[in-house]
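Read-outs: derived from the displayed coordinates by stated rules, not from any lab. These numbers were taken from a predicted model, which means no experiment stands behind them. Cβ placement follows ideal geometry from the backbone for every residue including glycine, while neighbour counts extend to all protein chains displayed.
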Ligand SMILES: [Zn+2]
């Protein structure tokens, strides 16, 4: 008995005899879903990065008030945190 090879769609489980048929099916039926998935994943990743960046600004600001720093060092940290905050604002505006 000959076993027929089939190609299963990983999105809906439908089976096809030829890979080209499966590819066509995925392209026509699931392309949009795939795009959406990617977009959602990117949004989650972006939000995580923004949270980490906000945390980093908090750390810099905490260092800035440390009594061991010279005025010059405090100024540098202030500039850095302002620059990062500026970036964050422009990222959040572009969303
Ligand atoms: Zn499918």
Original post:
Which residue, of 25, 30, is near the ligand (Cβ under 10 Å from one of its atoms), in contact with a strand residue (DSSP E or B) (Cβ under 8 Å, 6 or more places away or on another chain) and more than 30 Å from residue 84 (Cβ to Cβ)?
Top reply: 25
Original post:
Of these, 50, 54, 20, which one is surrounded by 11 or more Cβ atoms within 10 Å (Cβ to Cβ), assigned to a helix (DSSP H, G or I) and free of Cβ contacts under 8 Å to residues at least 40 places away in the same chain?
Top reply: 54
